[in-house]
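First comes the structure, then the notes that go with it.
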Amino acid sequence: MNSAPTHKPRPMVDLVVSIVIPAFVLMKMSGENELGASGGLILALSFPLGWGLFELVKYKKFNFIALLGLANVLLTGGIGLLELDTKWLAIKEAAIPAAIGLAVLGSTFTSSPLVKALLFNPSVMDVDKINQQLQQRNSMAAFERRLLKATYLVACSFAFSATMNFILAKWIVTSPAGTPEFNEQLGQLTLYSYPMIALPSTVMMMGIFYYLWRTIHDLTGLKLEEVLANSSSK
């Protein structure tokens, strides 16, 4: 029996299919002489929706982020096609990152905060080697405190994203849903959200990961290549 293909990240393809093409369709093909407001919205949303479904079906792996992306597309389409008040678009834009942030925050009350569950596991790092060094240096408690701090920082990054999403949506999308102007502004929102929200959030996450790596290095004395999973077998 053939196993599912291995998923390889394709950030440029994701960017083009999920942001650039939908934004172009919304801004340039939603006029009354083209596809119309509803037709343009449906076509624009079909790209990220179809891509997300393709990824889920092809790789046969539950992907929480992909699922959120699909939910985001469906909610946006529902708001536009049902011609709801644009305040619901701003609420929707803020709701998904806010929900993720709350989930991250809630994980701090479990035995495995999100950062620990995602990064400090045998598939990513040599957990046994790190734990051995932490125990030898009596640094286990300090390490747990810093992991908790890193998880709080991740939650803050999602809070930033939720706040900026709400502000940007309220600022840009002011036309009634179901109109060509609404679609054009939705396309602008899609384009502007990348440099104004996605890139700063990515920089914040990179800073958090660097903080986590410095934590491991400072408390164990191990180098990066020594803490990565399977490094001992190379």
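Report, in listed order, any pair from 58/92; 58/116; 92/149; 92/223; 149/223 with a Cα-Cα distance greater than 32 Å. Result: 92/223 exceed 32 Å. Remark: the residue 144-residue 205 segment gains 20.1 nm on full extension, using 0.36 nm per residue and subtracting the alpha carbon distance.
A simple spin-label model places pseudo-atoms 7 Å from Cα toward Cβ; at residue 38 and residue 84 they are separated by 1.8 nm.
Backbone amide hydrogens, once placed in the peptide plane, bring residue 125 within less than 5 Å of 229, excluding anything fewer than 5 places away on its chain.
For the range 93-154, the Cα-based Rg and Dmax, in that order, read 13.5, 47 Å.
Every number here is computed from the coordinates shown, using simple stated rules; none is lab data. Only a predicted model underlies this, so the values are computations on that prediction, with no experimental measurement involved. Don't worry about glycine lacking a Cβ; one is built from the backbone with ideal geometry, like all the others, and counts go over all protein chains shown.
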